[in-house]
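J.: There's a structure below that I have some questions on.
The values are calculated or read from the model by the stated rules, or taken from the named source; none is laboratory data. On a predicted model such as this, the values are computed, not experimentally measured, just so you know. Glycine gets a Cβ as well: all are built from the backbone with ideal geometry, and neighbour counts include every protein chain shown.
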Amino acid sequence: MMGMICSLVLAFTVAFTAACQQKAFSGADQRSTPVSSSDVKRVIEAAIEQTGYTSGYDPSYVKIAYPGGDVPRHTGVCSDVLVRAFRKVGVDLQKEIHEDMKRAFSAYPKRWGLTRPDTNIDHRRVPNLMTYFKRKGKSLAMTTDPKDYLPGDVVAWDLGNGVLHVGLVTNVAEEGSENHLIVHNIGWGARLEDVLFSWRIIGHYRYF
C-alpha cells in the first residue's frame, strides 16, 4: 500500500549498486559549511541526529496520531527523515499536507486509489511531498552543479522503475568534494552519505 514512499525492494536492488560507491564518514573526513539561517541549522541538526537512532526501514501502513503523528523513531522511510526534521522548527508536514489536500485533493497524485485525504500516510508519500512543495512555490532548478544544492534543500530522485526517494542536503561535505552529504533512509536506516548525484534527480526544493 505504501507504493511510492521508498520501495524496500528497490533498496536491495538499485540501491545496492549505489551502496558500493558510498562510504562511512568520520569527523576527520568532513568539513562543514556555515549556515546563516537558524531554521536551516536546526533542521539539518535534527536530520543528522536521526542517524543515531533510526536504524531500520519499514514501509508498512501504520495508523498514527494527527497532528504530530509518527511511526516508532527507530524505523521509518525516506520521507520520515524530512517530517521529523521539519518538526524541529515547527513545520508539521503531516498537518500541512493534509490541510492542502483537503483544499485541493484533485491536485495530488492518484496512484493509490484514494478518494479522500488520509492523515496516516499522505505526508509519507514522496509524490505528495513533491506536489506540496511545488504548490507552495518551493521548487528550484534541477542541475548537475553541486553548488546549486544548498544546506537545507530537499532533493527527490527516481531510483528506477518509477520508484521515488527523497533526502535532505546537509552542510557537511567530504574533504575534497563539492557535494554536500545527504541524510536519507533508503533501506538501512537514516544515513549521512554522498549520494546527491547517485540517482536521477526529479525534484529540488528550498522550503526555508
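J.: Hey, any hits in region 135-154 for a residue that's out of contact with any Leu (no Cβ under 6 Å at 6 or more places or on another chain) and at pLDDT below 95?
T.: no
J.: Report, by residue number, each residue of region 169-204 that is surrounded by fewer than 23 Cβ atoms within 10 Å (Cβ to Cβ) and closer than 11 Å to Pro151 by Cα.
T.: Asn171, Val172, Ala173, Asn179
J.: Out of all the residues in region 78-94, is one or more over 30 Å from Ser55 (Cβ atoms) and surrounded by fewer than 23 Cβ atoms within 10 Å (Cβ to Cβ)? Spell out the reasoning first.
T.: If we filter region 78-94 for residues that are over 30 Å from Ser55 (Cβ atoms), which is where we start, we get none.
No: zero hits.
J.: Then there is this: Could you tell me whether region 151-159 includes any residue that is under 20 Å from Leu93 (Cβ atoms), hydrophobic (A, V, I, L, M, F, W, C) and outside any strand (DSSP E or B)?
T.: Among the residues of region 151-159, not one is under 20 Å from Leu93 (Cβ atoms), hydrophobic (A, V, I, L, M, F, W, C) and outside any strand (DSSP E or B), which makes the answer no.
J.: What do you reckon, is Asn128 assigned to a helix (DSSP H, G or I) and either touching a residue at least 24 places away in the same chain (Cβ under 8 Å) or closer than 28 Å to Met101 by Cα (or both)?
T.: In short, yes.
J.: Moving to a separate point now. Which residue is modelled with the lowest pLDDT, if the candidates are limited to region 176-208 and must be more than 18 Å from Arg84 (Cβ to Cβ), touching a helix residue (DSSP H, G or I) at 6+ places or on another chain (Cβ under 6 Å) and assigned to a loop (DSSP other than H, G, I, E, B)?
T.: First pass over region 176-208, keeping only residues more than 18 Å from Arg84 (Cβ to Cβ): 176-180, 194-204, 206.
Within this subset, residues satisfying the condition of being touching a helix residue (DSSP H, G or I) at 6+ places or on another chain (Cβ under 6 Å) are 178-179, 198, 203.
Imposing the further condition that a residue be assigned to a loop (DSSP other than H, G, I, E, B) reduces the set to 178-179, 198.
Values: Glu178: 93, Asn179: 96, Ser198: 98.
Per the stated criteria, the residue is Glu178.
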